[in-house]
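Structure first, then comments.
Laboratory data are not the source of any read-out in this text; all were calculated from the coordinates shown. Predicted model only: the values in this text are computed from it and were never measured. No Cβ is skipped: glycine too gets one built from the backbone with ideal geometry, and neighbour counts run over all protein chains shown.
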Amino acid sequence: MVWVNAIVQGMLLGGLYALFAAGLSLMFGVMRFVNLAHGDFIVTAAYLMLALVGMLNVHWAFAILLVPAVLGAAGYFNQRILLNRVLGGDLLPPVLVTFGLSIIIQNALLEVFSADSQRLNAGWLDTASFQLGGGIAIGALPLMMFLAAVAVIGGLQFIFYKTALGRMLRATSDDPAMVPLMGGNNGHVFAIATLLASVVVGIAGIFLAVKTNFDPAAGPARLLFAFEAVIIGGLGSLWGTLIGGVILGVAQTLGAQIDAGYQILAGHLVFLAILVARPRGLLPKM
């Protein structure tokens, strides 16, 4: 039952990795754009949650609504003002710009919050759990993370395939040169896609703040987990992102069950094995 428990915990951890990855998958699916500052925005959201609840004593309910809203607005204006200027046929300018953003964000967080590791106390959620018998327990917080991941990805899937906005996003993804001829505005559509991705980043940051310790340099590791989940699941596949996150989480918890030092390594090895066997991922859309 120890191994079964490890698998269950890994699946729940995969929900957090899917939240890390969903926004990245959306931006790549619409704009073919890889944001190297994605992990740093997640950490920024975590620090914003920490500042609101832990320092300014803002009520949890208001902070949970405010963090995604702030990240969404920041993502929209960042795309309109800066990132749209570097999009085009050459992949290098967006990579360089977002790499620069990553460095700026890390140093800004370091100046404001110091290099000390932080974590937001979630109160009773930290220890609340549901006993399933046989030595298996599901923590309330990990369960919330997994359900949030399912809800977020389901919501994005609905927006992408069942709404007028989704049709515009898919049209821009398929043929961005044709959209202006139909009365669309690529810059605005790209910014809306980034807004949606940034709202997901805000949600991921909230869970990061209460799940584990973080510091200003934690962004690149979050980006790596997001990349691995996206590539395992398949580029452009939102539900594949969830599957990729679950596979990555299970691999890590099983590795930790063997030896604590193998946790991260096991995830990387599974990622490498899937990349060799299926270079386009398990559920590729493009």
| remark: For the chain, longest principal axis from Cα atoms; helix 263-277 axis from its Cα atoms; angle between them, nearest 10 degrees, is 50 degrees
| task | Evaluate the chain: find the radius of gyration of its Cα atoms, find its Kirkwood radius, and give the ratio Rg to Rh. | result | 0.97
| query | A137's amide H: which non-local residues (gap 5+, or another chain) put their own amide H closer than 5 Å, with H modeled 1.01 Å from N in plane and none for Pro or chain starts? | reply | L132
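Rounded to the nearest 500, what is the 222 nm mean residue ellipticity of the chain from helices alone, with -39500 (n - 2.57) per DSSP H run of 4+ residues and division by all residues?
Helix contribution divided over all residues of the chain: -23500 deg cm²/dmol.
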| ³J(HN,Hα) across the range 239-249 via Karplus (A = 6.51, B = -1.76, C = 1.60, θ = phi - 60°), whole Hz, x for Gly/Pro? | 5, x, 4, 5, 4, x, x, 5, 4, 5, x
| note | Scalar couplings 3J(HN,Hα) for the range 191-197 by Karplus 6.51 cos²θ - 1.76 cosθ + 1.60 (θ = phi - 60°), nearest whole Hz, x for Gly and Pro, are 5, 5, 4, 5, 4, 4, 4
| Roughly speaking, what is the centre-to-centre gap between the range 142-195 and the range 70-90 when only Cα atoms are used, to the nearest Å? | 15 Å
| note | Once D126 and V2 are pulled to full extension, the length gained, defined as 0.36 nm per residue separation minus their Cα-Cα distance, is 42.5 nm
| said: Can you compute the modelled spin-label distance between T212 and K162, with each label point 7 Å from Cα toward Cβ, in nm? | reply: 3.3 nm
| task | Multiply the residue separation of A73 and V86 by 0.36 nm, subtract the distance between their alpha-carbon atoms, and state the gained length in nm to one decimal. | result | 2.7 nm
| query | If Lys and Arg each add +1 and Asp and Glu each add -1, what is the summed charge of the other residues whose beta carbon sits under 15 Å from the beta carbon of H188? | reply | +3
| Taking H as built 1.01 Å from N, whose amide H comes closer than 5 Å to the amide H of G234, not counting residues under 5 places away? | L282, L283
| So how far apart, in nm, are the two label points at V276 and M178 if each is 7 Å from Cα heading toward Cβ? | 4.1 nm
